[in-house]
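I have placed the structure first, in the form of structure tokens, so that the comments after it can refer back to it.
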Amino acid sequence: MTDSFEPEIVAFCCHYCAYTAADMAGSKRISYPPNVKIIRVPCTGKVDAIHIMKALEKGADGVYVAGCLEGDCHFKTGNIRAAHRVRRVQALLEEIGVEPERVEMITMSAGMGERFAKTARDFTEKIRQLGPSPVKTAARDFRRRAVS
Amino acid sequence: MITAVRKPMEEIIACVEPYDRILLVGCNECVSVCSAGGRKEVALLASALHMHFMKQGKTMDIREITLERQCDPEYVEELVTSVDGSDAILSMACGCGVQTIAARYREKPVFPAVNTTFMGASERQGVWSERCQGCGDCVLGITGGICPIARCSKRLMNGPCGGSTKGKCEIDANVDCAWQLIWDRLKALGLERRIEDIMEAKDWRTSRDGGPRKIIREDLAS
């Protein structure tokens, strides 16, 4: 089952860095896994804990927030705030028995197309190793039981 | 404001586990300001509970409502239509809010989702410190605006004690000595001689010594 498992990943990408880096990866014809669904945000500081939680609750197997390199945030400290929120969500996930590794904070600059692609590949692989989200698996099994 | 912190998920889950329909109620006042039980925290807790119970193969019906103020019967009345459709109420307000709900909706079990902690002020983003213990007889006017009851570890009315070192309290090097703060403040105001005025033993009857307290304003409580 895990062999055929294709993780669904949500990436919240800052307009000023990671999103542009994704664009750069595209321009350079660097491929990255289609598992990663990008949501562009004006700054990672705009990403709230609830956005990450809702993504996981609605079926994402992993979520990462990709912001500017430390000290390079267009809005000064948005990426630092995002990193704090990611840590908070990780702690909450741990409390409810979901692997905190399913959520990560990543930083890069707008010119790092290669890094964007590598991050997408590495994170997809990490989630593939972790397996499907326990939330999604249990909910699906529950629905199957209810139908039969 | 009244400050609070969310209870551990394990404790919250144990409370609501036997039920299928939960009414999760936040409060827009103090707990919202200290990021413990406002609309955002309600959404976050609901999401965490959903995920936990989905993991167990259980669909939990969680209805989220955040009231303007949970410690006022007028606002708690707003729950009247939602309460019927729930098996239990989980409140993210301070203890006052939880008790107001419990008094109004006697037929429903009510659980607190936060631990009410203290009356405090915001030092900076994300940091709150205890500032008042509601002793009922404020002395801030003679202590330079620094409360020796809330901020001195020993609640000394005449300080500092021998445990004050370089402006810090002996219980923890990160805790300011309240009496050092009082001295510094009085000195800045040119009122340092006041430190030598002996304060008499405090009359604690205005505090909890007289049992649960009540304020009755005759002009309002008609």
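The values are calculated or read from the model by the stated rules, or taken from the named source; none is laboratory data. Bear in mind that the values here come from a model prediction, so they are computed numbers and not experimental data. Note: ideal-geometry Cβ built from the backbone for every residue, glycine included; neighbour counts use all protein chains shown.
Things to note:
- One residue stands out among those in the range B:44-63 that are among the charged types (D, E, K, R) and outside any loop (DSSP other than H, G, I, E, B): the one that is surrounded by the fewest Cβ atoms within 10 Å (Cβ to Cβ), which is B:Asp61.
- Yes/no for A:Thr137 being surrounded by fewer than 20 Cβ atoms within 10 Å (Cβ to Cβ) and in a helix (DSSP H, G or I): yes
- Filter result (in a loop (DSSP other than H, G, I, E, B), touching a Gly at 6+ places or on another chain (Cβ under 7 Å) and crowded, with 21+ Cβ neighbours inside 10 Å) within the range B:64-92: B:Gln70, B:Met92
- Between A:Arg40, A:Arg85, the distinction of being under 16 Å from the mean Cα position of the chain (by Cα), away from chain B (no Cβ under 13 Å) and either without any contact (Cβ under 8 Å) to a residue 40 or more places away in the chain or closer than 28 Å to B:Gly57 by Cβ (or both) belongs to A:Arg40 only.
- Some residue of the range A:117-127 being outside any helix (DSSP H, G or I) and either at pLDDT 95 or above or within 14 Å of another protein chain (Cβ to nearest Cβ) (or both): no
- If only residues of the range A:43-57 that are in contact (Cβ under 8 Å) with a residue 24 or more places away in the chain and among the β-branched types (Val, Ile, Thr) are counted, the one that is farthest from the other protein chains (Cβ to nearest Cβ) is A:Thr44.
- Of all the listed residues (A:Val103, A:Val86), the sole one being under 18 Å from B:Ala43 (Cα atoms) and touching a strand residue (DSSP E or B) at 6+ places or on another chain (Cβ under 6 Å) is A:Val86.
- Selection status of B:Ala103, part of a helix (DSSP H, G or I), closer than 30 Å to B:Asp87 by Cα and within 25 Å of the chain's Cα centre (by Cα): yes
- Residue check, B:Asp72 charged (D, E, K, R) and over 21 Å from the mean Cα position of the chain (by Cα): no
- Of the residues making up the range B:22-31, one or more are farther than 19 Å from B:Asp72 by Cα and at pLDDT 95 or above.
- If you check B:Glu107, B:Glu123, B:Glu130 for being touching a Gly at 6+ places or on another chain (Cβ under 6 Å) and not polar (S, T, N, Q), only one passes: B:Glu130.
- Residue in the range B:186-199 that is in a loop (DSSP other than H, G, I, E, B), closer than 30 Å to B:Arg213 by Cβ and among the hydrophobic types (A, V, I, L, M, F, W, C) present: yes
- Hits in the range B:198-222 (condition: over 27 Å from the mean Cα position of the chain (by Cα) and either under 15 Å from B:Leu140 (Cβ atoms) or among the β-branched types (Val, Ile, Thr) (or both)): B:Ile198, B:Met199
- Matching residues in the range B:32-45 - criterion: being under 21 Å from A:Val86 (Cβ atoms) and either facing another protein chain (nearest Cβ under 9 Å) or in contact (Cβ under 8 Å) with a residue 60 or more places away in the chain (or both): B:Ser35, B:Ala36, B:Lys40, B:Ala43, B:Leu44, B:Leu45
- Among residues of the range B:175-189 being of a type outside the set (D, E, K, R) and within 27 Å of the chain's Cα centre (by Cα), the one that is surrounded by the fewest Cβ atoms within 10 Å (Cβ to Cβ) is B:Val175.
- Out of A:Leu92, A:Leu130, sole residue that is within 13 Å of another protein chain (Cβ to nearest Cβ), in contact (Cβ under 8 Å) with a residue 12 or more places away in the chain and either basic (Lys, Arg) or surrounded by 17 or more Cβ atoms within 10 Å (Cβ to Cβ) (or both): A:Leu92
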